[in-house]
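Take a look at the structure set out below.
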Amino acid sequence: MDETAFIESLRALATHPAARGLLDDAAVLDMGGRSLVLTHDMLVEGVHYLPDDPPGDVAWKLLAVNLSDLAAKGARPIGALLGYSLGEQAWDEAFVAGLGAALEAFGLPLLGGDTVRGGGPRTLALTAVGEAQGRVPSRGGGRPGDQLWVSGTIGDAGAGLRGLRGEIARDPFLVERYRKPRPRLEAGQTLAPIVTAMMDVSDGLLIDSSRLAEAGRVAVEIELGSLPLSEALLVASGAGRDARLAAAAAGDDYELLFAAAPERAAQILALQDGLGLALSRIGAFAQGSGLSLTDSGEAVPLPRSLGWVHC
C-alpha cells in the first residue's frame, strides 16, 4: 500500500473536525477562542538524512520540520514530544545535546515522549504542539485569481544534499540549508490572517504547489523565471531552465507556500523588511485543475518528477 492509499484508508477513522479530513499538514483543535495545532513528523536514517550527518544536526532537523508545519498554520510553538530509537551511546548523547540546543534556540520545552531499542535504520519522531488565535489557514482555501507566493529561496537544500553526495561542489551555505532548515514561524504568524491557503515546502515546490491547487480544487501555473534562487545555488547550478526545474523539484526547503488575493500583493511585499525574508510571487491560480509551467511566457513540459514521493 502506498502513502496515498494508506492515508485514504485512515480517513474513515479520522472523523473528528480537528483532523481536517487528513487533508492538511496539522490537526487543529478548537479550544474556544484559540486553537491547539498538533503535528507529527518522522525522520528515517538513509531516507530523510544521511547516515554520516552529525547527530546534533539531525536533532535540529527533526524539530525544525515539525515547527515548519506549525509555521504554515500561523501557530506559536508551545511544546514537543519525542519518539526515539536508542542506538550507539555516543550518537545518542550528541543527539540529546543537539536537541537541547535546538529547543533553546526556539524557546520550546520538551514535554515527554517515548524510547525504544530499535534495529535497522534509526527512526526518529517528534510531535510539536502549538497555539493559534483566529483563523488557521488550511491547504484548501486557494481560489481562482489568487496569486501563488513562496518565502525565502528554493532548491538550496537539494543542492546541499547533492554536494554531500559528491554530485556537485560542496557549499557550506547549501549544506547548512539541508541539514538545519529554518522554520518560518514569524512569517507564518504574520501571514496567516491575510492568506487564503498556506503550507510548507517539504517535498518540492512543484509537487507541493500541485497539492495546494488540488486541495483548493483549482489549477495553478508557475513562472520558472520568478523562482527565487540564492546566490550560492546560482554558483553551484546556474540559472538555466534545467537548473530551475531541478530546484523546483528538490525537497527539504521548508519555506512557506501560500495563496493570496491580488489586492494583498502590496501588503505582502511590505512585510519583507520587517521579517527579514523575501516573499516572491511565482504564479497564479485559475479555474480547472492541475499544474502548468511557463518560462518567459513559453509553456514548459512538466518534468518526470515533481518532487519527493514517500512510497
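Working ranking of peptides 158-167, 182-191 by packing, defined as the average number of other Cβ atoms within 10 Å per residue, highest first, is 182-191, 158-167.
With unit charges on the beta carbon (Lys/Arg positive, Asp/Glu negative), name the residue among GLN89, MET1, LEU50 whose Cα is farthest towards the positive pole of the charge dipole of the range 1-135. Of GLN89, MET1, LEU50, it is MET1. A Cβ-based charge dipole, computed about the Cα centre of the chain with Lys and Arg at +1 and Asp and Glu at -1, lands at about 540 debye.
Evaluating 6.51 cos²θ - 1.76 cosθ + 1.60 at θ = phi - 60° for every residue in the range 77-86, the Karplus couplings come out as x, 10, x, 9, 10, 10, x, 9, 9, 5 Hz, glycine and proline recorded as x.
Of the whole protein surface, ARG179 contributes about 40 Å² of accessible area at a 1.4 Å probe radius.
Over the residues of the chain, the helix contribution to mean residue ellipticity at 222 nm works out to -9500 deg cm²/dmol, using -39500 (n - 2.57) for each DSSP H run of at least 4.
Cβ under 13 Å from ALA260's Cβ, ALA260 left aside: what net charge do those residues give with Lys, Arg +1 and Asp, Glu -1? With Lys, Arg at +1 and Asp, Glu at -1, the neighbours total +1. Listed values for the range 115-125 are Karplus-derived 3J(HN,Hα) couplings in whole Hz (6.51 cos²θ - 1.76 cosθ + 1.60, θ = phi - 60°), namely 10, 9, 9, x, x, x, x, 5, 10, 10, 9, and x replaces Gly and Pro. Note on the range 259-301 and the range 132-169: Cα centroid distance 12 Å, given to the nearest whole angstrom. Here the gap between ILE194 and ARG76, fully extended at 0.36 nm per residue and compared with their Cα-Cα distance, gives a gain of 40.8 nm. Annotation: amide H-H contacts under 5 Å for ASP146 (H modelled 1.01 Å from N, sequence separation of 5 or more, or interchain): PHE285.
Taking label points 7 Å from Cα along the Cα-to-Cβ direction, GLU298 and ALA169 give a separation of 2.8 nm.
The values are calculated or read from the model by the stated rules, or taken from the named source; none is laboratory data. Given the structure is predicted, the values throughout are model-derived calculations rather than measurements. Glycine gets a Cβ as well: all are built from the backbone with ideal geometry, and neighbour counts include every protein chain shown. Ligands, DNA and RNA are excluded from the accessible area calculation, which covers all protein heavy atoms including side chains. Shrake-Rupley method; radii C 1.70, N 1.55, O 1.52, S 1.80 Å.
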